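Everything below concerns the one structure shown next.
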Amino acid sequence: MKHFNKLFVAALLFAGITSQAQNADQPWAVTVGMNAIDGARVSAASKFENQFGQYFETKNWSILPSASVLGVSRHIGGKFSVGLTGSVNKMTKMVNPIYVNEGTTNNPVWKNTGQRERTDVDLMYYAIDANVKYRFIKDSWFDPAIFVGGGYEFLGKASAGTVGGGLSLGFWFTENIGLNLSSTYKYSFDEGRTPNIDVPSHLQHIAGITFRFGGKDTDGDGVLDKYDECPEIPGLKQFNGCPDTDGDGIPDHLDECPDEFGLPEFNGCPDTDGDGIPDNQDACPDVFGLPEFNGCPDTDGDGIPDNLDECPLEAGPKENNGCPWPDRDGDGIPDHLDKCPDVPGLAEYQGCPKPKPVEQVVTEKLHNILFNLGKATLRPESASKLDEAADIIKNSPKEHFVVVGMTDKTGSESFNLKLSKERAAAVVKALEERGVNPEVLKSIGIGSQDATVPASASNEERQKDRKVIVRTISGDEFKIMKKNDLPGAKKSSKKRK
């Protein structure tokens, strides 16, 4: 262990010499671990392809059962770093090629048989190596790399310079602590194999724990610049190195009011009147108000803030400066927009009542038309009703109308059916004479099948069954409808005689 201590002191000295250079990340790394040397087996093979053939066989390894490696490295930019490693071991196994004499005793000719033998030795091993490392992946938990370099090796009483390179694998458990595994091929310029005289080429394997440190903290607040969102200003760790001047829990660089204690929901600004609008956006910061009015109130709720409302206590439209429009009929539609200002109506009909279906209006106009008793001839006093009905049909967007004749329950069914058809036809003819297009009118009669008043009732009561009604139908129904046939109408169950 006294040899390891010497190496440790040398590594710390190297760190002290080069500690002036810095990097925003953790630039320094120290590795402490163990090493194994392969007994020079790699150089005992006569062919290059055989040198690494038993790479994973450990029977030729020599391992010192204690901490035997100390390495120091420094990041120099990008994916490159430089390092210095000291190691100590004891070689207890040496692998040598087997030669045979194909000559004579006096004139020997030695030939390599291609076979190797392991012999026991007892040689202390010391090495100091420098390298340049290239990492394939930057800032990852998995850290593969290659390196090249050189060093000086001591084996027993012998020593020699070496050059070489190798591979390493790093596994970072945290930002600062990781496991490092490496294998280095060390080519010796002294390729003899006599103990205490030569240092043959060999492999060295290292496993160690690596510690990274030395990050830059410009403002001295304990947060490395790499993680410090405010690297030039001393701050707090909980705010990634940024200050919180007003102590409201919101760092200054995110605080819209850094000098006033505020609330997180308002990005650090206060809300004095408690209306949910921060003071820096509130036009009335001392009066509870509404967001849509920049924090000012609207007492009557008409959408106009009180300071702009001529009637602040009575809701009204903006067009009338916040005062209500008059509405005589009380239907909620102001008089200036109401086409029926004295009759309550509906908005969709511009303040007028909902219009009746055209067929209902025409039917109402024809409700009181009169026929001569037992006949299909219209009485003169029906003319005005027919005029009005004709005008309605001509101005209607509906295109197809059916006039349905009905009778009361007196008389035979066949007579009633015939009379109803004739009366419906008479009404159609009268409408056509008043300018209604014949192509939009049909007539049918259904007799007394829809009559509701008994035959025994008075004549006045039976009068409401003696009428014509008008129905509208679609164009397709109109085309297929036959005379005296209305879709959905009941048909007599009795045969006409």
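The values are calculated or read from the model by the stated rules, or taken from the named source; none is laboratory data. Treat the numbers as computed from the prediction; the structure is a model and nothing was measured. Ideal geometry is used to build each Cβ from the backbone, glycine not excepted, and the neighbour counts take in all protein chains shown. Accessible surface is based on the protein model in full, side chains and every heavy atom, while ligands, DNA and RNA are left aside. Shrake-Rupley method; radii C 1.70, N 1.55, O 1.52, S 1.80 Å.
Taken residue by residue, segment 309-325 has at least one member that is in contact with a His (Cβ under 9 Å, 6 or more places away or on another chain), at pLDDT below 90 and not small (G, A, S).
When G289, G262, G249, G295 are screened for being over 28 Å from K216 (Cβ atoms) and under 31 Å from the mean Cα position of the chain (by Cα), only G262 passes. Is at least one residue of segment 224-239 under 30 Å from D139 (Cβ atoms), open to solvent by less than 50 Å² (accessible area, probe 1.4 Å) and touching a Cys at 6+ places or on another chain (Cβ under 6 Å)? Yes, the conditions are met somewhere in segment 224-239. Of all residues in segment 423-466, those satisfying the criterion of being assigned to a helix (DSSP H, G or I) and in contact with a strand residue (DSSP E or B) (Cβ under 7 Å, 6 or more places away or on another chain) are R423, A424, A425, A426, V427, V428, A430, L431, E432, V440, D465. Within segment 304-339, being polar (S, T, N, Q) and either open to solvent by 80 Å² or more (accessible area, probe 1.4 Å) or in contact (Cβ under 8 Å) with a residue 40 or more places away in the chain (or both) holds for one residue alone: N307. Residues in segment 95-102: is at least one in contact (Cβ under 8 Å) with a residue 60 or more places away in the chain and not acidic (D, E)? For segment 95-102, residues in contact (Cβ under 8 Å) with a residue 60 or more places away in the chain and not acidic (D, E): present. The set of residues in segment 258-303 being aromatic (F, W, Y) and either touching an Asp or Glu at 6+ places or on another chain (Cβ under 8 Å) or surrounded by fewer than 17 Cβ atoms within 10 Å (Cβ to Cβ) (or both) consists of F261, F266, F288. Annotation: E319 fulfils all but one of (1) more than 30 Å from R466 (Cβ to Cβ); (2) over 37 Å from the mean Cα position of the chain (by Cα); (3) assigned to a loop (DSSP other than H, G, I, E, B); (4) among the charged types (D, E, K, R); the unmet one is (3).
Which residues, counting only those in segment 175-194, are open to solvent by 50 Å² or more (accessible area, probe 1.4 Å), closer than 18 Å to T31 by Cβ and assigned to a strand (DSSP E or B)? Selection gives I177, L179, L181. Of all the residues in segment 340-349, those that are open to solvent by less than 30 Å² (accessible area, probe 1.4 Å) and hydroxyl-bearing (S, T, Y) number 0.
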